[in-house]
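The values are calculated or read from the model by the stated rules, or taken from the named source; none is laboratory data. Note that the structure is predicted; figures quoted are calculated from it, not measured. In this analysis, Cβ positions are derived from the backbone assuming ideal geometry, glycine residues included, and neighbour counts consider all displayed protein chains.
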Amino acid sequence: MSDDSQQLAQQVRDAFEKKTPLSIQGTQSRSFLRYSEHGNKLSTLEHSGIVAYEPTELVITVRAGTSIASVQDTLAEHKQSLAFDPPRFAQSGTIGGTVASGLSGPSRPWMGAVRDHVLGTRIINGKGDIMSFGGQVMKNVAGYDVSRLMCGAFGTLGVILDVSFKVLPIPESSSTLVFEYDAQNAIDHVNEWSAQTVPLNGACWSAGKLYIRLSGTDAGVKTAINTIGGDVYTDNDLLWDELRDQKNSFFNNAGYWRLSLPPATPVLSIEGEWLLDWGGAQRWLKSSEHPDKIRQMTVERGGHAEHWHGKDKNLLRMPLDSIVHRYHKNLKDAFDPAHILNNHALYSDL
Amino acid sequence: MPISQSSQLYKQLVQQLPAERLLVSSESLAPYECDGLSAYRQLPLMVVLPVDIEEVQYILKVCFSLDVPVVARGAGTSLSGGALPVETGVVLSLAKFNEILSIDGHNRTARVQPGVRNLAISEAAKPYGLYYAPDPSSQIACSIGGNVAENAGGVHCLKYGLTVHNILELKLLTIEGDLLTIGSQALDSPGYDLLALMTGSEGMLGIITEITVKLLPIPDTARVLLAAFDDIEKAGNAVANIIAAGIIPAGLEMMDNPSICAAEDFIHAGYPTDATAILLCELDGTESDVSSQLITVKQVLEHNGATEIRIAEDEAQRLIFWAGRKSAFPAVGRLAPDYYCMDGTIPRKHLGTVLKRINELSLEHGLKVANVFHAGDGNLHPLILYDANNPGELENAEHFGGKILEHCVEVGGSITGEHGVGVEKIDQMCVQFQTQELEQFHAIKHAFDPAGLLNPGKAVPELHRCAELGAMHVHHGQLPHPELERF
Ligand SMILES: Cc1cc2nc3c(=O)[nH]c(=O)nc-3n(C[C@H](O)[C@H](O)[C@H](O)COP(=O)(O)OP(=O)(O)OC[C@H]3O[C@@H](n4cnc5c(N)ncnc54)[C@H](O)[C@@H]3O)c2cc1C
């Protein structure tokens, strides 16, 4: 529970001078999402603790090494939460890793992603400069939005020190309904409800069943249950937590695809086992189809495909368009001119 | 200084664009000499009005090769001088990019050109039961491209977010004419979050040529409460306690007494003119959500000493309650020949002290001020009243405004919540950011526009400018004297 930022900055400055690469590490709960890992370890774990929390301002500022669980617990004492409900995988996943990987939980389509809740950051760039962007206020358009740029950049642009998040009240009431639907039916229904004021907060389909989570006021949730039918599912929290943390039986370490698609995209004709989350916007697939076919069908539908826990890291992320890639490299140079921060975390050259 | 038709620039552009879409005469340039911050005026070399991406690409390539600055312009409603022309540059108007390309009711998105007006999107989405949530007060006029470039907000952004939360994909041309697709039709895409970087980048990194926005279901119902207070602090506490009660209202707006009186005089909404402050709190969603939250909010307002609470009984009354707030700018505008609209944000708990400081500054500068406040998200709009015809009064108003913004930074806030930095707040950027951060901004700019041709002189100050200001700070203990030329 201490401020380790000066030591971390010194380590980066030393590495900058010697041009020795660094590998930024929290608890490594998301390291399987790195293309590859290089350099001397720079641990953020000592840099932990809550810097400031003001429930009525809806803002919490947290050091990168703080665990997700402890932040959510603190917020829960005030009936608030990080509404993007990030995966924890191992219970000890850190806030820095959450922001760097940009992963969000089952409520993402309705509550927003990590980046939607980030208000400000303090970072160290590749020269060892400590800098602050954004702030602790809801609205701030002074300067480029560097804070959100850190989300999903996998530490390639800077070492995340502190993050300020917008927090939200935990809804008064939350219930899960289950329906016997095939995948297409499930996609159609969820997207129809999403276009109405149904208080959706989760929608996943697996093995012939659609589960939806409704959250809001007691009265609002009751009304929604009466309107849309289905059976009340009692293992409410467990279902969503296991889905979020990939602990249910679908997920194993043998490799599976994550397809990010426009939510109403019809069922894709790819053989395999499917689990649909985010109301159809995030689809998990175990399949022996050729990777090229899976990628191509996803791209044709306006999405992209990632292969998680696979043997071939070249399938992890789809390549960027060559021009977009060039500007990515320009940005990398802008933040990390000596190329010492988490090199190759995103791609072979980024 | 308008350009001659024999210049290289004109000759090259006219090869691909019809002459009627290349404006060069002083009369045709005049409407472009300023944006919503009309105290600043500058004629450009010329204005170009492309109709498709190929034309924009061609214009950019020509300007790049001839080293000519380019200023993008949407509807020209910026309040920070973001679209102010550069004397040696071209204004690239996106006015003819005014088509809604498609609406996808199933995926709840709309693909639009940048010149489409904000409100036109919601109008077009209405048959699908959907709308586009960010609603700047200028929404009848401002363009969605301008909204992206400024990361515009609105009355409803506490609950529904700013522009950055409500867009999915951009097509963008860099100054070198590279066409980038940023974001995607899905909820995420590989690589850096360039969507966030481009949002609010004030036309400094690229020209936005297409936008896919998210659409939301139109709420079944919306109800608004109006509460009067005899004390600003009490109103501020009421805001904090509504939020502590677990409610995120769709809108939560505060007006101080001068704003209340001005609005009442102008629109006759029945506002209580003896109140020190009023709060407008809107709740939306399903009938059952709204009726249960309405009870809670009413209790909170009572506990926090509201002297009067009214609930709009029907849609007509709801619109009247809002009419006063929505017309606050023009209403205050009637109190003096000119007004200057500020845009600071603060942590809400400091509202009382900040308003007190604004009143002190008002006395010091001898200029009246009225305050409207997006209270839910801490975004303060002090409106400074002045008369530009009185020599020195504009400079005095600007000085006053600068002081307010610096105070916002002191209490942990920001110099701009939604209007952008533009030319207006460029000096206050030196107060909000340190040298290293400003250098980082310049490096980002360099990554996309190494020659610095897009909207030069805006948004991010040169370091020597801050150094000079800093030196003066030390010398005189205050910002540079008004008569010093600022730009
Ligand atoms: C009465 C009034 C009320 C207002 N209320 C609000 C409010 O509630 N909330 C709010 O956020 N703002 C408000 N504004 C400010 C203004 O309307 C917004 O900033 C708006 O987003 C500007 O849009 P525009 O199309 O007029 O852009 P312009 O003024 O034309 O341009 C603004 C900036 O965007 C750049 N730009 C424009 N189009 C593009 C493009 N296609 N590609 C790249 N860069 C581009 C320009 O270069 C410039 O830097 C208000 C203004 C007025 C006059």
Within segment B:419-444, considering residues that are part of a loop (DSSP other than H, G, I, E, B) and more than 15 Å from the ligand (Cβ to nearest atom), the one surrounded by the fewest Cβ atoms within 10 Å (Cβ to Cβ): B:Gln434
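Counting just the residues of segment A:274-296 that are aromatic (Phe, Trp, Tyr) and closer than 17 Å to A:Ser104 by Cβ, which one comes out nearest to the chain's Cα centre (by Cα)?
Among those residues, the one meeting the criterion is A:Trp278.
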Per-region count, segment B:454-487, residues more than 16 Å from the ligand (Cβ to nearest atom) and either at pLDDT 60 or above or within 14 Å of chain A (Cβ to nearest Cβ) (or both): 9
Qualifying residue in segment B:173-181 (condition: farther than 21 Å from A:Thr265 by Cβ, near the ligand (Cβ under 10 Å from one of its atoms), more than 9 Å from chain A (Cβ to nearest Cβ) and surrounded by fewer than 23 Cβ atoms within 10 Å (Cβ to Cβ)): yes
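Across segment B:166-186, what is the total count of residues that are without any contact (Cβ under 8 Å) to a residue 40 or more places away in the chain and under 19 Å from B:His446 (Cα atoms)? Spell out the reasoning first.
Here is the first cut: in segment B:166-186, the ones without any contact (Cβ under 8 Å) to a residue 40 or more places away in the chain are B:172, B:178, B:180-184, B:186.
Narrowing the set further to residues that are under 19 Å from B:His446 (Cα atoms) leaves B:172, B:178, B:180, B:182.
Total satisfying the criteria: 4.
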Among (1) at negative phi; (2) touching a helix residue (DSSP H, G or I) at 6+ places or on another chain (Cβ under 8 Å), the one test that B:Arg108 misses: (1)
Those residues of segment A:324-339 which are more than 8 Å from every other protein chain (Cβ to nearest Cβ) and either assigned to a loop (DSSP other than H, G, I, E, B) or surrounded by 21 or more Cβ atoms within 10 Å (Cβ to Cβ) (or both), in sequence order: A:Lys332, A:Asp336, A:Pro337, A:Ala338, A:His339
Candidate set: segment A:303-316, residues that are surrounded by fewer than 19 Cβ atoms within 10 Å (Cβ to Cβ) and within 21 Å of the chain's Cα centre (by Cα); chosen: the one farthest from the other protein chains (Cβ to nearest Cβ): A:His309
Index of the failed condition, B:Val164 passing every other in (1) assigned to a helix (DSSP H, G or I); (2) away from chain A (no Cβ under 12 Å); (3) of a type outside the set (Phe, Trp, Tyr); (4) away from the ligand (no atom under 11 Å from the Cβ): (2)
Evaluation of B:Leu197 against (1) under 30 Å from B:Ser78 (Cβ atoms); (2) in a strand (DSSP E or B) (one fails), failing number: (2)
Single residue of segment B:106-142 satisfying the filter (among the hydroxyl-bearing types (Ser, Thr, Tyr) and within 12 Å of the ligand (Cβ to nearest atom)) that is nearest to B:Leu94 (Cα to Cα): B:Ser138
First in segment B:411-424 and within 8 Å of another protein chain (Cβ to nearest Cβ), second anywhere and polar (S, T, N, Q) and near the ligand (Cβ under 6 Å from one of its atoms), Cβ under 6 Å, 6 or more apart: none
Selection within segment A:141-163 - facing chain B (nearest Cβ under 7 Å) and in a loop (DSSP other than H, G, I, E, B): A:Val141, A:Ala142, A:Gly143, A:Tyr144, A:Asp145, A:Cys151, A:Gly152, A:Ala153
Filter result for A:Trp240 (hydrophobic (A, V, I, L, M, F, W, C) and without any contact (Cβ under 8 Å) to a residue 40 or more places away in the chain): no
Flag if A:Met297 is more than 30 Å from A:Gln10 (Cβ to Cβ) and within 13 Å of chain B (Cβ to nearest Cβ): no
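Table: residues versus (1) assigned by TED's automatic domain parsing to the domain that holds B:Asn389; (2) closer than 23 Å to B:Glu210 by Cβ; (3) more than 13 Å from the ligand (Cβ to nearest atom).
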| position | (1), (2), (3) |
| --- | --- |
| B:Ala30 | no, no, yes |
| B:Tyr40 | no, no, no |
| B:Pro44 | no, no, no |
| B:Pro50 | no, yes, no |
| B:Ile53 | no, yes, no |
| B:Gln57 | no, yes, yes |
| B:Gly74 | no, yes, no |
| B:Leu84 | no, no, no |
Flag if B:Leu60 is on the phi < 0 side of the Ramachandran plot and in contact with a helix residue (DSSP H, G or I) (Cβ under 7 Å, 6 or more places away or on another chain): no
Enumeration of residues in segment B:184-214 that are among the charged types (D, E, K, R) and either within 8 Å of another protein chain (Cβ to nearest Cβ) or within 13 Å of the ligand (Cβ to nearest atom) (or both): B:Asp188, B:Asp193, B:Glu202, B:Glu210
Which listed residue, of B:Leu367, B:Leu280, is more than 16 Å from the ligand (Cβ to nearest atom) and touching a residue at least 24 places away in the same chain (Cβ under 8 Å): B:Leu367
Among (1) away from chain B (no Cβ under 14 Å); (2) closer than 30 Å to A:Ile123 by Cα; (3) among the aliphatic types (A, V, I, L, M), the one test that A:Ala254 misses: (2)
Only listed residue being over 17 Å from B:Ile207 (Cα atoms), touching a helix residue (DSSP H, G or I) at 6+ places or on another chain (Cβ under 6 Å) and buried (at least 24 other Cβ atoms within 10 Å of the Cβ), chosen from B:Leu162, B:Leu158: B:Leu158
Extreme residue, farthest from the other protein chains (Cβ to nearest Cβ), among residues of segment B:143-158 that are more than 7 Å from the ligand (Cβ to nearest atom) and not aliphatic (A, V, I, L, M): B:His156
Test: residue in segment A:187-194 that is facing chain B (nearest Cβ under 7 Å), closer than 25 Å to B:Glu150 by Cβ and in contact (Cβ under 8 Å) with a residue 12 or more places away in the chain: no
Test: residue in segment A:82-92 that is touching a residue at least 60 places away in the same chain (Cβ under 8 Å) and among the acidic types (Asp, Glu): yes
Hey, B:Gly412 of a type in the set (Gly, Ala, Ser) and within 16 Å of the ligand (Cβ to nearest atom) or not: no
Criterion: surrounded by 21 or more Cβ atoms within 10 Å (Cβ to Cβ) and part of a strand (DSSP E or B) - qualifying residue of B:Ala110, B:Ala75: B:Ala110
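Return yes when A:Ala264 is assigned to a helix (DSSP H, G or I), at the interface with chain B (Cβ under 10 Å from one of its Cβ atoms) and closer than 30 Å to B:Pro127 by Cβ and no when it is not.
No.
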A:Asn342, sole failed condition from (1) facing chain B (nearest Cβ under 10 Å); (2) more than 25 Å from B:Thr109 (Cα to Cα): (1)
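Just checking, which of A:Trp278, A:Trp257 is touching an Asp or Glu at 6+ places or on another chain (Cβ under 8 Å) and crowded, with 18+ Cβ neighbours inside 10 Å?
A:Trp257
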